[in-house]
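Working notes, beginning with the structure itself.
The values are calculated or read from the model by the stated rules, or taken from the named source; none is laboratory data. Keep in mind that what you see is a predicted model, and the values were worked out from it rather than measured. Neighbour counts run over all protein chains shown; Cβ positions are idealised from the backbone, glycine included. With ligands, DNA and RNA removed, areas are computed over all heavy atoms of the protein, side chains included. Shrake-Rupley method; radii C 1.70, N 1.55, O 1.52, S 1.80 Å.
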Amino acid sequence: MSKMAEYDGPILEIDKLSISFFTRRHEIPAVMDFSVSVQPGEAVGLVGESGCGKSTVALGVMQDLGKNGRIVGGNIRFKGRDLAEMSADELRDIRGNEIAMIYQEPMASLNPAMKIGRQLMEVPMIHEGLGEKEAYDRALEVVTDVRLPDPERMLQAYPHQLSGGQQQRIVIAMALMSKPALLILDEPTTALDVTVEAAVVELVRDLGKKYGTSMLFISHNLGLILETCDRLCVMYSGEAVERGSISEVFDDMQHPYTQALFRSIPLPGADKNAHPLVAIPGNFPLPHERPQGCNFGPRCDYFEPGRCDQGEIEMSPVAGNDRHATRCLKHLEIDWAAPITLAEQKEKTQPGKVVLQVDNLKKYYEVAANALFGGGAKRVVKANETLSFAARESETLAIVGESGCGKSTFAKVLMGLETATEGEILLDGNNIEQTAIEDRDTRTISDVQMVFQNPFDTLNPSMTVGRQIIRALEVFDFGSSDQDRKQRMLELLDLVKLPRAFANRMPRQLSGGQKQRVGIARAFSGGARIVVADEPVSALDVSVQAAVTDLLMEIQRKEKTTLLFISHDLSIVRYLSDRVMVMYLGHVVELGDTDQVFSPPYHPYTEALLSAVPIADTSVEKQHIVLEGDIPSAMDPPSGCPFQTRCRWKSEVPGGLCETTVPPTREMQAGHQIKCHLSDEMLARMSPVITVAAE
Amino acid sequence: MGLFILRRSGVMILTALCLTFIVFILTNLEPNLEKLAKTQGNFRMSDEAVNSWLNNNGYGQPTVVKYGQWLGALPGWTRTTEEGVTGRCITGTQPEAEAGQAARFCGILQGEWGYSTRFKDDVASIISVRLGNTGYLMLWVLVIMVPSALIIGVLAGMREGSVTDRSLSTVSILTTATPEYVSGVILIAIFTSSTVGLKWFKGTATSAMENPTFENFFLPVLTIALYGMGYIARMTRASMTEVMTAQYIRTARLKGVSFHNIVLKHALRNALIAPFTVIMLQFPWLLNGVVIVETLFNYKGFGWILVEAAGNNDIELLLAISVVSVVVVLVTQLISDIGYVYLNPRIRIS
Amino acid sequence: MDPLSWTGQIAFLNPVLALGLGLLGLSVLAWIGLSSLLPENRAITPSGAGLSLPTGPRELSGLVVRLAFLLTAAVIAAYLVLGLALGTGAGIIGAIAQRLLPVWIALVLLFALSIRFKQRLGLYGKLFDSPIGMIGFGLVMFWVFTGIFGAFDLIITHDPLAQLSGLKNKVPGTPLPRPEDGDFQWYLLGGDNLARDVFSRMVKGAWEVVKIAPLATLFAFMAGITLGLPAGYFGGRIDTILSFLANLILAFPVILLFYLLVTPEIVQTGLPQYMAAVLFAFPLIFFTVLINARFRTQPQQNRLWLSVVLIPLVWGYFSLINQTGSKINFLPQSLDLFNIPGGILVVFVSVVFVNSPTVFRIVRGLTMDIKTRDYVAAAQTRGERPWYIMLWEVLPNARGPLIVDFCLRIGYTTILLGTLGFFGLGLPPESPDWGSTINEGRKLLAIYLHPALPPAFALLSLVLGLNLLADGLREESMKD
């Protein structure tokens, strides 16, 4: 089929779109009065928290809302034609040909039983009637374009043989096979590691330019939107609340929600003591609990009763700006330049004595080489290699790294779920590295506790919140009667700022942030002195993240807890940690104070990691460092330095030392150590990755 | 892959040994042997007479030894009396010289399946004839059951909640709720009884052993097929609906692939992986159906001799039947494992 | 007395029913045809089109199906209501409807109460949101109530074992030739080849199923859960051994196992009792570990609960396996609460034995899935013992699929019991259970249909009900 005739208006025009989902009993509005337009060659971002309706818009554009979804108002025009009026056949011609989509989970969006080549070739064969040969050539060309190594072998492979990053490149290649006019990307990098994400984002941006494709980029991450898009649209609870160009919305925001969102994410200037984050109060409203008037009203600082809670609020243009609009009645009255009323500033707490000392810790696993067919040679996975550090009382030590770096294994060894292969872990001077959890005494167990990543998984779904905390108290031998424990449980709920009535709730009645608070209460129930927080906020929405982070630090301050904060998100790490440990494939590549790690000299990996993290601030300038390839598998690590396969400084080290020898750990300044072969001069020549432009 | 098959085969042989040993114990329990002695000797034997009969015929040995002899892994027992030598591998009593010529081992490994007390015939020949009858029945059952079950399952599962889905699902639930002895009775009542008067088919399949026709053979085949069909169809439907909601199907849809190509090219292969295993694991249950249907329609096959052997304390025949059915079950399990690996590239290429 | 016709005075309903059924059949066919021929509605409708009257032929045929179904259901209800009022005046149907009066009352009460309080009843309450589930539950409870009231001699019209001369193989509705005072005047569903009342035997047969099938399934679940949890949780060698054993039993053709296990000779050796001693010990182990894991930190409460739960259980267990005059006989007669006849025990044991490996596999799979959740890790990191995690963290969260499987498995057990009856294994020959009755009836099937069909349809509807119930439960539990 040929593409539609030349058309020079906007590629996509969405006008007052409303989408609802229908259940047996009621209608759930998912998107209301949503308008946006995408010009040729333009990239438009759609940003908002989970449940705000941004993915529904994408599916609406694809006309693929499933059985229960209905467009109940407005229309979507693609190159001037109303999509809702097209027949099923016309629609099929457009899908994959003129509009293509890329999804969040690359593994799930590829057919596991079909070779990659077939899946790619299918697109031009359907839409352009190409023969096998031409289609194959086209596939080869596009796979080369998405910078995959060895394209011919790739086409013969099944999806499971590829890594996550490679799969996502294949999905992108599939979307580009027919050179579509519009590309919809629905959180395309969420499932990927940071450094892989950076490479994929760069690829999308370059290819978009090369093919002249317009893009609709959906993300919850403001930083990513900044890096990829020309314009953006902020959504809240089913509505677009602000729409405009990147610079207008980022620097001249006209909606309280946009402002609150920016204030709740850790930008380079933020600091937990001097400039704490401002969390958005309250919770995201559920679709059937939306308030009258402004949806953001109940959480808004500028809320005016009798005005903001009356009737529908229309999008109104912002005078003086181009195509900039906001859904706020008071945007002309609010003084947007007013400085943030600072949240309470805190004294920096001084770290106390050393509580936890880890010395040369090693953890090796033996795994069967071939899981299904069994037998065969055993392989040794070196999950942790010579880990050494000390953590002090009331100190926050961040452990940073991507998947496979060994941070979770270390947590397991520390908790006693695994025992160490070699080395020592000293808790108050006592060795615990060989004591499995069953053999630890109650004191030790309650001293070292953990907060888990996934809020939906952290609580037992079939036990009340109160019961779960009481159980922890029972196990930790707290109190002598059920009465004591009940009292303590209620106090713990107070501590994490949850209403006492929550004690009788089931976990499914709680929101993600509330569940995470219960998880924190449970961890602190036995007076924990060391808390391992394994990505405690990464699964939460941006506006909730700040509140949970603050809570964690407040408790830490009160209880003088040592916090081991495991994360891949350098922004939050910079914001809250005192010291940072960067890990890569089981090795500690850099360790030092937060300031030392975030300023040169860097370990090459830290440098790349810093460059990869998207920052939602237009005044920040970043060095552009993109790592080639994927993280090697921990089953099959490279020889010599673990990072040598992707290191851009490798050529600066003479004699191929990187490929043969594991670098020694070098002390740079007091407490700052780097595991690298680079000479001191080279390290000294490094420039800062992130610079904040002077205002 | 080779190693995998080897390991699976090893486990299979171990399983077969364990199972036959259990059957051996159960059939050689004291009361069974006592009954055997009395049917072979006379019914008013005293306890001592029973004991001496058992001892004389090699049944007095420890069970493990007897099992080894039956299997052919241990030399068969011999007993010398004044008249000559008798033993497991010796027919009747023979002079010592001739007895020496007889094989030392004579168990099923050597192909000696024993002698049926019920049919007064060699077990091996009974089994081969009856197994042939049942094999023919099973062939037609599979020919009818598998394709129709898969088609029903795929049709129902490709559009979850549609009219086709609901009607076909109702049919498959109904057939899974109808065991063979119920559906058989109902089918016989409707299609063969003089009361209803349809008389389309014959109520027995006795004549089908020599001359199978549509009239005398269709009802037994249908009866077995119906029960299994519903189950396989439901599994296929479940698997199909799951696949149809998978992301990659949405990818295909949004690539502009037409619906029938989505079903045929993208969904089918993924959706058939699970039911394949189910079909293969249906064999132990099919044997159930075979026994019931052969009894119900008086078709003298493998199931019928099972009932006869068990009802008449025919130990050797019962053992042989167990061996055959256990081997059939285990071989299908092996095929199911290998097929699963073959169908699923995620496992095949790793 | 005159013989009863099928419908008596309410025969006028017959053409209406025929009409309804015909309409239903035709409309379903039309519906299927239309919906597969006409293209599916696009998921998008223009604004404003909410829930209006159906327009296309597709929707219209769907509406007709619904109406025809309602009509048929209404006619059937009319049969029952009029039958209840007129009794034998409304023929056999009326008489049966009247005999089943206690069942109707119980069903109406149960449904009314359940629907009234469904908000507070959790998953059970949600069942009443699903039409499929309600139909299934209705069918199941119909037979449960029939079984229970039948056991109290409420519904049956005659002694199921009594043979009345002159009624051999007589058709439904035949009057008794020489009725005595107080006798019910007819054989409602005719007489079987030994001149016994088919209706009463069918009702009594329901009790045989209701008393064995759920209990046997429950024991199979206890055994499967107690073994499946550690196999899935620990993995490794325990898993290998237990899985091998489970596969061993699964590879055994059920029918062969029954023929080997359910024989009088085996009962003589005491083997079923030894197996019972092992299988019935699982609930004891289960509850001991359950309580012990929960109250590990509070010894006093632990002892209290253990004694409250275990003493009756242990006593029951000993009474169950102990039987005077058999191999296991150590309990004094005065302490032995009940005796189970050897035949029933062996049936019970073998059904449990056949079912538990499948339950084991399901529990094992669920455990392997659930043990990767963070709340299990949280329990591990606070030093919980493995059995606490298995029983209090893993098991409650596996309950959805297990409840669904429980319903399906009762149906399967019912089929197994029927198979045993059909081959005359275990149960006494005159037993009124459905399998035996079908077996007796089938021999004369070419001439007399009535002895074999009622138990066949009874079994079919009960198992169908259980399947539908399981489907409804699955659907509703997935909506969480």
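Worth pointing out:
- Using a 1.4 Å probe over protein heavy atoms, the accessible area lost on pairing A with B, summed over both chains, comes to approximately 2700 Å².
- In a DSSP loop and with at most 10 other Cβ atoms within 10 Å, there are no trypsin sites (Lys or Arg not before Pro) in region B:166-228.
- Length released on extending from B:Thr81 to B:Ser46, taking residue separation times 0.36 nm less the Cα-Cα span: 10.4 nm
- An oblate overall shape is assigned to region A:90-185, the ratio a/c of its alpha-carbon gyration tensor axes (a ≥ b ≥ c) being 1.5 or greater and a/b not exceeding b/c.
- Less than 5 angstrom separates the built amide H of A:Tyr584 from those of A:Val589, all sequence-distant by 5 or more or on a different chain.
- Distances between placed amide hydrogens fall under 5 Å for A:Met235 paired with A:Val47, A:Gly48, A:Val241, all partners being 5 or more residues away or on another chain.
- Among the listed pairs A:Lys67/B:Lys265; A:Lys16/C:Lys126; A:Lys16/A:Lys622; B:Lys300/C:Lys327; C:Lys118/C:Lys211, those whose Cα-Cα separation exceeds 30 Å are A:Lys16/C:Lys126; A:Lys16/A:Lys622; B:Lys300/C:Lys327.
- 10 Å Cβ neighbours from other chains, averaged over peptide B:284-295: 4
- With both labels modelled 7 Å from their Cα along Cα-to-Cβ, the A:Gln357 to A:Ala319 distance reads 6.9 nm.
- For A:Asp206, neighbours were defined as the other residues whose beta-carbon sits under 11 Å from its Cβ, and their charges (Lys and Arg +1, Asp and Glu -1) total +2.
- Rounded to the nearest 500, the helix-only mean residue ellipticity at 222 nm of chain A stands at -8500 deg cm²/dmol, with each DSSP H run of n ≥ 4 adding -39,500 (n - 2.57).
- Peptides C:319-326, A:420-427 ranked from most to least packed by the mean count of surrounding Cβ atoms within 10 Å: A:420-427, C:319-326.
- Rounded is the label for region A:11-112. Its Cα gyration tensor axes, ordered a ≥ b ≥ c, give a/c under 1.5.
- Between B:Lys120 and A:Ala436, the modelled label-to-label distance comes to 6.6 nm, taking each label 7 Å out from Cα in the direction of the beta carbon.
- Whichever lysines have a C-alpha closer than 25 Å to that of C:Lys170, once near sequence neighbours (fewer than 8 apart) are set aside: B:Lys199, B:Lys202, C:Lys204, C:Lys443
- For B:Tyr136, net neighbour charge (Lys/Arg +1, Asp/Glu -1) across residues whose Cβ lies under 14 Å away: 0
- Calculated FRET efficiency for the pair B:Phe21/B:Ala103, C-beta based, R₀ 22 Å, to 0.05: 0.45
- With all protein chains in place and ligands, DNA and RNA left out, the 1.4 Å accessible area ranks B:Arg88, A:Arg327 as B:Arg88, A:Arg327, largest first.
- Of all aspartates and glutamates in the structure, those lying under 13 Å Cα to Cα from A:Lys363, and not within fewer than 8 positions of it along the same chain, are A:Glu385, A:Glu418, A:Glu422, A:Glu424, A:Glu433.
- Using equal-weight Cα scatterers in the Debye expression, the normalised intensity of chain C in log10 at q = 0.06, 0.08, 0.12 Å⁻¹ is -0.36, -0.64, -1.23.
- Per-residue mean of C-beta atoms belonging to partner chains within 10 Å, peptide A:449-456: 3
- Dividing the mean sequence gap of close Cα pairs (under 8 Å, 6+ apart) by how many residues chain A holds gives a relative contact order of 12 percent.
- Calculated [222 nm] ellipticity per residue, helices only, for chain B: -22000 deg cm²/dmol; basis is -39500 (n - 2.57) per DSSP H run with n ≥ 4, divided by all residues, nearest 500.
- With the convex hull constructed from alpha-carbon coordinates only, region B:40-149 shows a mean projected area of 10.5 nm² over all directions.
- Calculated FRET efficiency for the pair A:Tyr211/A:Asn273, C-beta based, R₀ 45 Å, to 0.05: 0.40
- The three principal axes of the Cα atoms in chain A give end-to-end lengths of 76, 69, 55 Å, sorted in falling order.
- In terms of packing, defined here as the mean over residues of other Cβ atoms within 10 angstrom, the peptides C:4-15, A:163-174, C:107-118 line up highest first as A:163-174, C:4-15, C:107-118.
- If the convex hull is drawn through the Cα atoms of region B:310-350, its volume per residue in Å³: 53 Å³
- Extension gain (nm, one decimal) between A:Trp336 and A:Arg307, 0.36 nm per residue minus Cα-Cα: 8.5 nm
- Annotation: lysines with alpha-carbon distance below 29 angstrom to A:Lys558 (same-chain offsets under eight excluded): A:Lys272, A:Lys346, A:Lys348, A:Lys353, A:Lys407, A:Lys412, A:Lys486, A:Lys497, A:Lys515.
- Computed over every Cα-Cα pair of the protein assembly as shown and binned at 20 Å starting from 0, the pair-distance distribution P(r) comes out as 8, 29, 34, 22, 7, 1, 0 percent.
- The protein assembly as shown - share of DSSP beta bridges that are antiparallel (%, nearest 5): 65 percent
- Inter-chain Cβ neighbour average for residues A:59-69, partner chain, 10 Å: 3
- With a simple spin-label model that places each label point 7 Å from the Cα along the Cα-to-Cβ direction, the separation between A:Asn504 and B:Leu139 comes to 7.1 nm.
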